[in-house]
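Data first, discussion second: the structure below is written as structure tokens.
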Amino acid sequence: MTIRVLLVDDQQLIRTALSMVIADLPDIEVVGEAADGEEAIALAGRLAPDVVVMDLRMPGTDGIEATRRITRGTGTESTRIVVLTTFDDDDNVYGALRAGASGFLVKDMALDDILAAIRCVAAGDALIAPSVTRRLIQDFVAGPQQQVQQRELKAITDREREVLTLVGSGLSNTEIAAELCISVATAKTYITRLLAKLDARDRVQLVIIAYEAGLVSATERR
């Protein structure tokens with residue numbers, strides 16, 4: 001099945017470069033392009049793309065607000081958002097994830113990595129590498145404007161709490177399995193249960209829940 005992608009960036013050069021690369025691929029197609037958040041919201045509603053590659057910093061409606069409105073919009077609930085960011089200069093990555101993004105790409109990534117990320121997110125996974133998780137946790141905890149909110153986790157078991165803590169620390173399924181002496185399949189089962197019990201959209205939101213609940217701190221990150 002072809003992955004339908006909407007490209008959103010106020011820089012024409014970036015949109016053109018991605019479109020040219022994707023044009024030669026059999027499994028991904030660009031169904032639309034937008035130069036700002038409002039245009040992105042309108043196109044997403046009309047085209048219902050599988051994945052939106054979303055810039056954060058744009059004039060008018062920014063990427064965070066556009067992400068929030070698309071992921072919560074009627075007809076676009078299943079659309080996955082991947083934030084496109086300069087990362088080192090952006091302090092709004094956490095806000096984008098809270099708005100419903102499934103991960104993010106760095107603008108200077110290799111094109112092959114960007115394409116792999118689009119496929120990853122379209123398949124239902126979250127694009128959140130362990131190193132990225134650590135950075136997000138560090139920035140979140142250190143930020144003076146952000147305060148960890150204690151979230152009640154009464155619905156999950158002690159073992160599920162352990163798994164959630166490890167997810168929040170940035171461990172992969174394989175690493176979680178090794179840490180808890182369980183199979184990778186069992187680790188995946190625990191994560192699936194956590195997604196259902198905590199009404200989380202994807203793995204990214206599990207990470208956010210983990211440190212909002214105080215299960216992970218800056219000093220505990222892996």
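Some values worked out for this structure:
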{"quantity": "Note, ³J(HN,Hα) from phi for segment 11-24, Karplus 6.51, -1.76, 1.60, rounded to Hz, x at Gly and Pro", "calculated": "9, 4, 4, 5, 4, 5, 4, 5, 4, 5, 5, 5, 4, 8"}
{"quantity": "Packing-based ranking, highest mean first, of 94-102, 39-47, 18-26 given that Cβ atoms within 10 Å are counted", "calculated": "94-102, 39-47, 18-26"}
{"quantity": "Rounded accessible area of CYS181 (nearest 10 Å², 1.4 Å probe)", "calculated": "120 Å²"}
{"quantity": "Two-site FRET efficiency, THR86 against VAL31, from Cβ-Cβ distance with R₀ of 30 Å, rounded to 0.05", "calculated": "0.75"}
{"quantity": "Pairwise FRET efficiency - THR74 versus GLN11, Cβ, R0 = 30 Å, nearest 0.05", "calculated": "0.50"}
{"quantity": "Computed E for ARG46/ILE156 - FRET, C-beta separation, R0 30 angstrom, nearest 0.05", "calculated": "0.15"}
{"quantity": "Computed over segment 40-123: relative contact order in percent, which uses C-alpha pairs under 8 Å that are six or more apart", "calculated": "29 percent"}
{"quantity": "Prolate/oblate/rounded label for segment 1-76 (Cα gyration tensor, a/c 1.5)", "calculated": "oblate"}
{"quantity": "14 Å beta-carbon shell around ILE14, net charge (K/R +1, D/E -1)", "calculated": "-3"}
{"quantity": "Estimated inter-spin distance, LYS188 and THR61, nm [label 7 Å along Cα→Cβ]", "calculated": "3.7 nm"}
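The values are calculated or read from the model by the stated rules, or taken from the named source; none is laboratory data. In this text, all values refer to a predicted model and were calculated from it rather than measured experimentally. Positions of Cβ are generated from backbone atoms using ideal geometry, with glycine treated the same way; all protein chains shown enter the neighbour counts. Areas reflect the complete protein model, heavy atoms only, side chains present, ligands, DNA and RNA absent. Shrake-Rupley method; radii C 1.70, N 1.55, O 1.52, S 1.80 Å.
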